[in-house]
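*Asks:* Sharing a structure, written as C-alpha cells. Questions coming.
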2 protein chains.
Amino acid sequence: MTRTCYTGDVNLEHLDQTVTLYGWCHRRRDHGGVIFVDLRDREGLAQIVFDPDNQDAFKIAESIRNEYCLRITGLVRRRPEGTTNNDIKSGQIEVLCRTVEVLNPSVTPPFQLDEDNLSETIRLTHRIIDLRRPVMQNNLKLRYRVSIEARKYLDSLGFIDIETPMLTRSTPEGARDYLVPSRVHDGQFFALPQSPQLFKQMLMVAGFDRYYQITKCFRDEDLRADRQPEFTQIDCETSFLNEEQIREIFEGMMRHIFKEVKGIDLPNPFPIMSWDEAMARFGSDKPDMRINLEFTDFTELMRDVEFKVFNSAANMAGGRVVALRIPQGGEMSRKEIDDYTQFVAIYGAKGLAYIKVNEKAKGRDGLQSPIVKNINDAALEEILAKTGAQDGDIIFFGADKAKVVNDSMGALRVKIGLSEFAKAKGLFTPEWKPLWVIDFPMFEYDEGEGRYFAAHHPFTSPKDGHEDLLETNPEKAYAKAYDMVLNGWEVGGGSVRIHREEVQSKVFRALNIDAEEARAKFGFLLDALQYGAPPHGGLAFGLDRLVTLMTGSDSIRDVIAFPKTQRAQDLLVQAPSPVDEKQLRELHIRLRNPIEVK
Amino acid sequence: MTRTCYTGDVNLEHLDQTVTLYGWCHRRRDHGGVIFVDLRDREGLAQIVFDPDNQDAFKIAESIRNEYCLRITGLVRRRPEGTTNNDIKSGQIEVLCRTVEVLNPSVTPPFQLDEDNLSETIRLTHRIIDLRRPVMQNNLKLRYRVSIEARKYLDSLGFIDIETPMLTRSTPEGARDYLVPSRVHDGQFFALPQSPQLFKQMLMVAGFDRYYQITKCFRDEDLRADRQPEFTQIDCETSFLNEEQIREIFEGMMRHIFKEVKGIDLPNPFPIMSWDEAMARFGSDKPDMRINLEFTDFTELMRDVEFKVFNSAANMAGGRVVALRIPQGGEMSRKEIDDYTQFVAIYGAKGLAYIKVNEKAKGRDGLQSPIVKNINDAALEEILAKTGAQDGDIIFFGADKAKVVNDSMGALRVKIGLSEFAKAKGLFTPEWKPLWVIDFPMFEYDEGEGRYFAAHHPFTSPKDGHEDLLETNPEKAYAKAYDMVLNGWEVGGGSVRIHREEVQSKVFRALNIDAEEARAKFGFLLDALQYGAPPHGGLAFGLDRLVTLMTGSDSIRDVIAFPKTQRAQDLLVQAPSPVDEKQLRELHIRLRNPIEVK
C-alpha cells in the first residue's frame, strides 16, 4: 500500500489513475447522500468522495470524525463544474474512494484547526494539534527551507559545519548563563553556550578557514515577545577576508535564501550605511528602509531660539533636536497627535512639538502650531527649507538627550511609517529592504556602572588607525562591526575579530578587565592568539527572527516547534519540573527552599 | 590580495601563474643558500622557495618560524627533477616567493605537529595546535562530509529538519540526566535531552510525515573510551512506512554517504539477520561479518557427555555449550591459548576448553586436548562433523550460562578474527560489511531488580501478533526493532513505534510502570496517541561513532573538535568550573560541600 504522493500534491496529472493517500480527516460533509472528506497531510488537502454504492467504504466513512488518521485508495476524477477550488493544488480533482482504512481514530480535538484567536496557553498545551494547522506546517517547512538553503550556499563556498560544545564554561559577561551542575566534579558547573563565539574563533586559529554551524544558544534572560531561552543561530566565521569580502559572502547568502525559498530577488549589492548616519537620519541602528521618512537635525540651529525646550536640549552636553517631516500629515487630528505624544512618552520624551504647514505662502500665519510663537523667523524659514516641507505636511520635533530623541523619534518614525496612513500616502514602500549598518562604536558608556561596555563584544577589532584610541579616547574608537538589517529587523550581526594578543589585551583594559581576570576568563583565547592566529571575522544570523520575518508571523513562537512560554515553560511536556532528591544528591547541590521536592 | 586557491590545492594547472596563498609555516629548511617553507592550510601543503636575489622576501623568510601565519605571492614553477612528491597535490610544483607578509607570528608551539604519542592531556589542553595536525583536519572535514551528505540524501526524500528542545523534562528512565536549574521556577529543573525520541514521535503525530535532525544528546554516565557526555545523533523518523520500507531508506542513506564521502559501494541490499540467529551464530547482536568464524551449538549434544563442565552447562536453565572452530588454528602455542583463556575470563568464562585436530584419520589419537578423554566417541564424531573441522584446526569451547558463553566466546571470535593470524589465514575479509540485525526481544529481564526492562525503549512496537504476549509471556514478545551494524559496530538503531494508546499502556504495564506513573511521566505521549497518531518509526545513527569507524580513528575524541576527557572535563576552556555565589542564589540552589565556591 505505497503512497502515490502526498495528499496535498494529487492533481490533474493523476486523472483517471488509482491513487493511495495517507492523511487526516480535516472535515467531513454529508451532502446529497454522498460523504465528502477533506483529507489533509503536510502538503495540503484533497477531497475524497464516498459514494453509497460502495457500501463497505461508505459505512466506514460514516464513522469518520475529524482528525481520524486514514488510508484511502481511490480513483482521481475531475470535480464537477462549479465545485473546483483554485486555491489548492488538488482543487481541480477529487478522489472517488475505493477502499478506506482507519489507521487510528481520534478523540474530539481540544479545538478546531481553523479556530482563530486561540489563547497561547491552549495552543502550547495541545501543541500537537496546534502544529497540525496548515499555517504552522508551512512555517516549519519554510524554516527548514531557510536552513537547508543556507547550508547549501555555505557548502558551495567551502564552509564546513563543525560542532562546538553545549557543555562549556560560564563566563559571567553579557547575559546570564544557564548552568549545569557537574556530578563528577563536586561544586563545579558547566554553562550552556550563549554563542559559539570563542569556539569559532578557536577553529579559525586552528586553521579550518571557513566554519558554520546552525546551533542552539542559551540566555537566561527575562523573556520578551521575541526572545526564547534557547534560540538558533546560523553562525559563521572565515579567515583571511576583510569586512567588505565577509559582507559580500553573507549578503549573497541572504539573496540565495530569499530567491530559493520565496522567489524574491533582494538587491545586489545591499546598501551600506554607517552607524553614525543611521543614528543621525533615523535615530536607529536598524532603520526600516521601507519607510520614506527621516530626521532633519536642527541641534545647531536651536542653540539660539527662544523656545526653551529646544534651546536647552540643543545646548546640553549630548543633547539633540530633530524634526521629522510627515508629508501630507497635516490632516492628522488632534486626537492622533495626542496619541503619538503618549507613544513617544514611552521612550522618555517629555512632549511632542509639531508644526502643521497649512499654507507656506502665508508665512507664520500659514503655520498651525503651539510652538512657533517662540521661534524666530529665520529659524522657522530654515526649518521649512531644510525639511522640504510642503503645504499639508506636519513636522514633529524631538528635543532632549540624544538617546531620548533617537529612541522616541525613531520609534515615532516607525509607528507612523507602518500605519495605514503611510501606506495610503506612499510613505511606505512594500518591498524587502535590506541594509548593512557598519562602523559601530567600539564601546558604550554605562552611566550607572561608570564604565565602558563592548557595543558588539570584546573580541571585535577596532577600525584601522583606531587602535590607539582604545586607550586615549575609547568613545571615539570605531569597530569593524556590521549588522544586517532587513525591514527594520536586525537579522544578523558580526565583526572582524581581533587576531593579535596585544590588541585584545588593550580592549580588555578599556573594559576594565585587568590582566588577572582576563587570564582567568579568557586565557585560552589569549594563548591561542599567540600561535599565529589568522585575521578572521564572521557573522551570526538569528534564525528564529529571520523566519518570523519571512513568514510574517506575529511571534517567534510560531516558527519554533516546541517553544517556551514567556514564563520559560514548556507546557506540552511540563518542563521545568521538580526532580528526585537522589538526583540532587548526585549533583552535590540542594534546594534553598526545599518545600517542593517530591 | 585575494587568495588564488587553498595552499594545498595549488598544482600544475597554475604553472607559470602568479598565485596568492595564505597559511602557516609547517616547517622551514635552509638548503644551499635558499630558504624553503612548507606552507600549510586545511587542504594541504605547498613548497615556497625564497631566493636570496629577492632580498626583501628573503630577509622576512629568515625570521619565519613554525606556525607563523603568512601570506605569500609568487610564481608557480615546476619542481626540479628528483624533488617532486607524488603524495601531495602540489607535489609537482613549487612557488617562487615574490612577496611575503607575516600576518601573525607564533611563539614556539607546545609540540611539533608531526610528533607522535602525545598524551591526550597535552593534546586536549592545547587543542588549537592539536587541531592543526593534518589528521585532525581531515577527520573533521570527513565528519562534515558525512553530515552534509546525510542531509542531502534525506532532503531529497522529503525529510525536513525540525529542531526539538534542548531544555526539556527529566524522565529518570534509562541513563542519568544532565539537569539545568530554573531561575524562574524555584526548585524546578530542566533536563538536557538523552534523545529527541518523544519529540520526534510528537512531530509524527502532528503530521510532519518525515523528520530528521542532526543533534546533540546528553547522558551523564561514567565515560568509556567510546562515550562522551554530549554526543551527536542523526535522528530520523517517518510515518506510514513499515519496517522494511524504513530500513530501505536508511541503508540507502548509508550507501549514499559511503559512495559520496569515501567512493565505496556498500552492498545493495544489506544482509538481514534476526537477533536470535546473530546470538546463536556469533554470540553478539552486532556481529562483525568480516570475520569468517562462527559458533556451532552443542547444547543438546552435551546433555549426556561425561565431561562435567559441558553437561552441567547444557543441563542448567538457560545454559549453553558452543564450539568455535578456528581453521588452521592448530599451530597456536600453549602461550597463545593461555592468553585467550585469560581473555575470556574477563567476560566471566571459567576456562577455555579446546581440541587441536592434528590428524582426523587417527581418530581420538589424532586429537590433542585436555578434555577429549571425558567425551565419548559419538559426541567427538559429531563435534568434528558439525564444526567441519579439518586437520590443523583448533576448536574452542564455551559452556556456561548463555550470557557468559555469548559474551566470552563472542569476544574471543572478534579477538581472533581481528588478529594478524586471522588476516594471514584468510579468516578475515577486509571489506565494509554492513548487516541489519532485526527482531529484537521486547524486554530484557533484570535479575537484580527482578523486573523487565525495555530492550530498545518503551515506545517500540511489538511484532504483529505479539501484542498479547506483552501480558502473558513478555520474554517471548519480539519487537519491530532493528540495528544497523557495520564491521561489528552498532552505527544505528531504531524501531517501528507504538502508535495506539492501548498498546503503549500494555507495554508500560509490562515494565511495571503503573497508570499513575505513566500519566505523570508520559501523559503528553498517551494523549497524543489518542488524536489519530499515524503508524510511524525511525532510526538514530551515532555520528561520532560512524565517523570514528570511517576514519579508522582510535577514539571518538579524534573526530570531535572540542571533546571532554574521560573525567568529563574540557581542558581547553577549563570546564566545568566553580561559579559565583550570586549565580547559585539566582537559581535557588546551594552546594552541599560549599568549600570550593570562590
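*Asks:* Extension gain A:D554-A:R509, at 0.36 nm per residue separation less the Cα-Cα distance, in nm?
*Replies:* The A:D554-A:R509 span can extend by a further 12.0 nm.
*Asks:* Can you tell me the orientation of helix A:501-510 relative to chain A, as the angle in degrees between its alpha-carbon axis and the longest Cα principal axis, to the nearest 10?
*Replies:* It works out to around 70 degrees.
*Asks:* Using the Kirkwood radius built from alpha carbon pairs, what does the Stokes-Einstein equation give as D for segment A:79-148 at 37 °C and 0.692 mPa s, in µm² per second?
*Replies:* 213 µm²/s
*Asks:* Kindly express, to the nearest 10 degrees and within the range 0 to 90, the angle between helix A:515-529's C-alpha long axis and the longest C-alpha principal axis of chain A.
*Replies:* 60 degrees
*Asks:* If the label for B:L15 sits 7 angstrom from Cα along the Cα-to-Cβ line, what are its distances to the same label in every other copy, in nm to one decimal, shortest first?
*Replies:* Those separations, rounded to one decimal, come out as 6.2 nm.
*Asks:* Compute the Rg to Rh ratio over segment B:545-594 from the alpha carbon atoms, using the Kirkwood formula for Rh, and round to two decimal places.
*Replies:* Expressed as Rg/Rh, it is 1.23.
*Asks:* Output ³J(HN,Hα) for segment B:456-469: one whole-Hz value per residue in order, computed from phi by the Karplus curve 6.51 cos²θ - 1.76 cosθ + 1.60 with θ = phi - 60°, and x for Gly and Pro.
*Replies:* My calculation for segment B:456-469 gives 9, 8, x, 9, 7, 6, x, 4, 4, x, 9, 4, 5, 4 Hz in order.
*Asks:* Only bridges with both residues in the protein assembly as shown count here: give the DSSP antiparallel percent, nearest 5.
*Replies:* Given both bridge residues lie in the protein assembly as shown, the antiparallel proportion sits at roughly 95 percent.
*Asks:* How much net charge surrounds A:D544 when only other residues with a Cβ under 11 Å from its Cβ are counted (Lys, Arg +1; Asp, Glu -1)?
*Replies:* Summing Lys and Arg as +1 and Asp and Glu as -1 gives +1.
*Asks:* Okay, moving on. How far is helix B:402-417 tilted off the main Cα axis of chain B, in degrees rounded to 10, range 0 to 90?
*Replies:* On a 0 to 90 degree scale, this one is about 40.
*Asks:* Are there any trypsin sites (Lys or Arg not before Pro) in segment A:200-231 that are in a DSSP loop and have at most 11 other Cβ atoms within 10 Å? List them by number.
*Replies:* Values: sites: A:K200, A:R210, A:K216, A:R219, A:R224, A:R227; in loops: A:R219, A:R224, A:R227.
The qualifying sites are A:R224.
*Asks:* Separate question: Rounded, prolate or oblate, given the Cα gyration tensor of segment B:109-176, with a/c below 1.5 counting as rounded?
*Replies:* On the way: a/c = 3.69, a/b = 1.55, b/c = 2.39.
Oblate, because a/c is 1.5 or more while a/b does not exceed b/c.
*Asks:* Same structure again: In nm, what does the list of distances from A:G82 to its counterparts in the other copies look like, shortest first, when each label sits 7 Å along Cα to Cβ?
*Replies:* 9.7
*Asks:* Residue farthest toward the positive end of the dipole of segment B:255-300, with Cβ of Lys/Arg at +1 and Asp/Glu at -1: which of B:M273, B:M289, B:I257?
*Replies:* After comparing all options, I get B:I257.
*Asks:* Determine the sum of side-chain charges near B:I60: Lys and Arg each +1, Asp and Glu each -1, restricted to other residues whose C-beta is under 15 angstrom from that of B:I60. Kindly include the intermediate steps, with their values, before the conclusion.
*Replies:* On the way: positive: B:R28, B:K59, B:R65, B:R71, B:R98; negative: B:D30, B:D51, B:D53, B:D56, B:E62, B:E101.
Local charge sum for B:I60: -1.
*Asks:* Starting from the eigenvalues of the Cα gyration tensor, five times each then square-rooted, give me the equivalent ellipsoid semi-axes of segment A:237-366, largest first, whole Å.
*Replies:* Equivalent-ellipsoid dimensions as semi-axes: 39, 21, 14 Å.
*Asks:* Using only Cα atoms, what Kirkwood radius does segment A:405-455 have, in angstroms?
*Replies:* 14.0 Å
*Asks:* What does the charge count around A:V76 come to, taking other residues whose C-beta lies under 10 Å from its C-beta (Lys +1, Arg +1, Asp -1, Glu -1)?
*Replies:* Its environment carries a net charge of -1.
*Asks:* With an 8 Å cut-off on Cα pairs and a minimum separation of 6 or more residues, tell me the relative contact order of segment B:291-425 in percent. Working shown, then result.
*Replies:* Numbers: 234 pairs, mean separation 47.5, N = 135.
This gives 35 percent for segment B:291-425.
*Asks:* May I ask you to derive the relative contact order of segment A:7-104, considering only C-alpha pairs under 8 Å and at least 6 residues apart, and to give it as an integer percent?
*Replies:* 35 percent
*Asks:* Continuing with this model, one more query. Quick one: compute a quarter of the convex hull surface over the Cα atoms of chain A and quote it in nm².
*Replies:* The directionally averaged projection comes out at 36.5 nm².
*Asks:* Apply the Kirkwood formula to segment B:31-97: the hydrodynamic radius equals the inverse of the mean of 1/r over all pairs of different alpha-carbon atoms; give it in Å with one decimal.
*Replies:* This gives a value of 12.5 Å.
*Asks:* Another one. How far, in nm to one decimal, is A:D514 from itself in the other copies if the label point is set 7 angstrom along Cα toward Cβ? Shortest first, please.
*Replies:* Distances between equivalent label points, in nm: 6.2.
*Asks:* Could you work out the relative contact order of chain B? I mean the mean sequence separation of Cα pairs under 8 Å and 6+ apart, divided by the number of residues, in percent.
*Replies:* 13 percent
*Asks:* Another question about this same structure. Using only Cα atoms, what Kirkwood radius does segment A:1-154 have, in angstroms?
*Replies:* Every distinct Cα pair counted, the radius reaches 16.6 Å.
*Asks:* Given the Cα atoms of segment A:155-271, and with Rh set as the inverse mean 1/r over their pairs in the Kirkwood sense, what is Rg to Rh to two decimals?
*Replies:* On the Cα set of segment A:155-271, Rg over Rh gives 1.05.
*Asks:* Let me ask something else. Which percent of Cα-Cα pairs in segment B:365-500 sits in each 5 Å bin, short to long?
*Replies:* Per 5 Å bin, starting at 0, the Cα pair percentages come out as 2, 8, 12, 14, 14, 13, 11, 12, 9, 4, 1, 0, 0.
*Asks:* Related question: Please list, or write none, the lysines whose alpha carbon is within less than 24 Å of the alpha carbon of A:K521, excluding same-chain residues fewer than 8 places away.
*Replies:* A:K200, A:K216, A:K480, A:K506, B:K564, B:K582, B:K598
*Asks:* Binning every alpha carbon pair distance of segment A:291-425 at 10 Å from zero, what are the percents per bin?
*Replies:* Using 10 Å bins, I get a P(r) of 13, 47, 35, 5 for segment A:291-425.
*Asks:* Looking only at segment A:7-104, where both bridge partners belong to it, what percent of the DSSP beta bridges are antiparallel (to the nearest 5)?
*Replies:* Bridges in segment A:7-104 are about 95 percent antiparallel.
*Asks:* How big is Rg to Rh over the protein assembly as shown, alpha-carbon atoms, Rh as the Kirkwood inverse-mean-distance radius?
*Replies:* Rg divided by Rh gives 1.02.
*Asks:* Could you estimate the translational diffusion coefficient of segment A:94-209 from the Stokes-Einstein equation, with Rh from the Kirkwood formula over C-alpha pairs, at 37 °C and 0.692 mPa s, in whole µm²/s? Please list the in-between numbers first.
*Replies:* Details: Rh = 19.8 Å.
Calculated translational D: 166 µm²/s.
*Asks:* On a full-extension model of 0.36 nm per residue, what is the gain between B:K362 and B:T121, subtracting their alpha-carbon distance, rounded to one decimal in nm?
*Replies:* Full extension from B:K362 to B:T121 adds 80.9 nm.
*Asks:* Where does chain B land at 222 nm, in deg cm²/dmol rounded to the nearest 500, when only DSSP H runs of n ≥ 4 count, each adding -39500 (n - 2.57), divided by all residues? Let's see the in-between values first.
*Replies:* Details: 18 runs with 176 residues, N = 598.
Theoretical 222 nm ellipticity from helices: -8500 deg cm²/dmol.
Every number here is computed from the coordinates shown, using simple stated rules; none is lab data. All of these numbers come straight from a predicted model, not from anything done at the bench. Cβ atoms come from the backbone with ideal geometry, glycine included; neighbour counts cover every protein chain shown.
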